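The block underneath contains the structure these notes are about, expressed in structure tokens.
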Amino acid sequence: MRLLIVAAVCAAVALTGCTTPDPYTGQSRVSKTAEGAGIGALAGAAIGAASGGNAKVRRERALAGAALFGAAGAGVGAYMDNQDKKLRERLQGVGVSVNKDPNTGIITLVMPGNITFPTGQSSIKADFYPVLNAVGDVLKEYNKTSITVGGFTDSVGKPDANLRLSQDRANAVSAYLQSRGVDAGRLTAIGNGANNPVGDNSTDAGRAQNRRVEVTINPPQQS
């Protein structure tokens with residue numbers, strides 16, 4: 001176990017720095033490149049150590065595996081870091097939040113219902129087209145990811161109507177992104193109805209939070 005940890009740490013440190021300044025908060029954060037390198041290095045070290053016939057061979061293979069898999073992990077991490085930065089630049093001040101999971105690298109764009117669709121409808125507001133154009137541009141540039149478009153409603157109304165509306169809205173956003181050149185094979189549209197609320201459905205503010213579309217961008221699979 002000690003061998004695995006040492007090999008992973010050495011490879012990850014050699015591949016990339018540990019922290020970068022957050023351009024939006026000014027605070028230091030671990031870059032996704034560094035996180036990807038560390039995770040990949042640990043996996044590679046484990047595989048390498050398990051494949052050797054004696055202690056010396058296991059140690060050599062652990063170090064080699066850590067370097068190889070760490071490089072792959074760093075590549076995916078940098079890819080998601082750069083995509084996150086580009087999305088934040090393009091979507092600054094438009095009302096869409098950009099959230100990146102620090103553990104998985106998954107990026108989620110949260111689009112509030114009040115700026116995307118008229119009440120009770122699934123036709124995208126014309127003044128929201130430039131926002132989706134910007135999203136589509138970035139998704140085309142970073143074309144190795146898969147994308148899930150999720151529609152959500154508040155709890156007002158019949159569940160089946162809410163589910164249908166959320167699916168129609170997810171379909172509308174997915175279709176628009178396709179019209180902007182995003183490969184249909186990368187996109188999955190899912191209607192969630194009133195499930196997975198992020199706000200309190202007993203208040204106006206909470207219901208407004210729950211009426212949303214989320215575009216989830218998944219990191220590319222390492223080959």
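Of note:
- Shape category assigned to region 137-195 from the gyration tensor of Cα positions, a/c cut at 1.5: prolate
- Accessible carbon and sulfur surface of region 103-192 relative to its total accessible area, %, 1.4 Å: 50
- Net charge, P220 excluded, C-beta distance under 12 Å - Lys, Arg +1, Asp, Glu -1: +2
- Links that overshoot a 19 Å alpha carbon limit, given the list K86/K125; K100/K125; K85/K144: K86/K125; K100/K125
The values are calculated or read from the model by the stated rules, or taken from the named source; none is laboratory data. Source: prediction; values computed, not measured. All Cβ positions, even for glycine, are placed from backbone atoms using ideal geometry, and neighbour counts span all protein chains on display. Just the protein is used for accessible areas: all its heavy atoms, side chains included, with ligands, DNA and RNA removed. Shrake-Rupley method; radii C 1.70, N 1.55, O 1.52, S 1.80 Å.
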